[in-house]
Every structure is written in C-alpha cells, then in structure tokens.
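Trainee: Could you have a look at this structure, given as structure tokens, before my questions?
The values are calculated or read from the model by the stated rules, or taken from the named source; none is laboratory data. A quick note: this is a predicted structure, and the numbers were derived from the prediction, not measured. Heads up, the Cβs are rebuilt from the backbone with ideal geometry, glycines too, and the neighbour counts pull from every protein chain shown.
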Amino acid sequence: MKRTLMASLFVLASASSLADCIAPLPRTLPAIPDGSSASATVMVQAGEDVRTYVRSLEAYLDCRRSLNPLQHNYLVDKAETLAAAYNEELANFFGREDMLANK
C-alpha cells in the first residue's frame, strides 16, 4: 500500500512539473534550399527558420530534463544534422560564380 501511494505521488509530481513546461516539441523540420540556385532572400529566411527550430528544440529539451538519453541524443543529432545541412548549402551559395565580386 505504501509503495502504491509513493508511486502515485511520484507520477502526480512529475505530471505537474511537465505541465509547467510549455515548450512544445517542434514537429516540422524547416526546408533547406539548394544553395547553388537559391536567392539571398531564400537563404536568409532558411537560416532564420533553422535557428528558430534549434532554439525551440533547445527549449523543449531544457523543459524535459528527465527525457530518455536515447531520445535526447536523437533530438540533438537531428538539430545538428539540420544545421550542418544548412551550413553546407550556405557554403554552396557563397561559392557560386555569380556571387564573385570581380565578375
């Protein structure tokens, strides 16, 4: 009986602490444009979208410190992979022939 009561209290305490956390898990990954053909406006917007996604994911992880380590690592890897993909396309964007000043 004592164990059941303690388990119930633990569940209620953890549920109330999760209710205090209002940061939702971002569900949709932002699109990464092709840097070899995208306009500057599109690349800037994609960069803002990536930063917003990463900040939202960080807020989600900060709220849920008791997340399973595998879930936590998966989400961190997802954010790092997204940022790396954007950085690669940004490098392609700046490496374009039509971006050179002496053309």
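Trainee: Would you be able to say whether some residue in segment 44-58 is buried (at least 16 other Cβ atoms within 10 Å of the Cβ), touching a residue at least 24 places away in the same chain (Cβ under 8 Å) and among the charged types (D, E, K, R)?
Mentor: no
Trainee: Scan segment 1-30 residue by residue and report those that are surrounded by 11 or more Cβ atoms within 10 Å (Cβ to Cβ) and at pLDDT 85 or above.
Mentor: Scanning segment 1-30 gives Leu25, Pro26, Leu29, Pro30.
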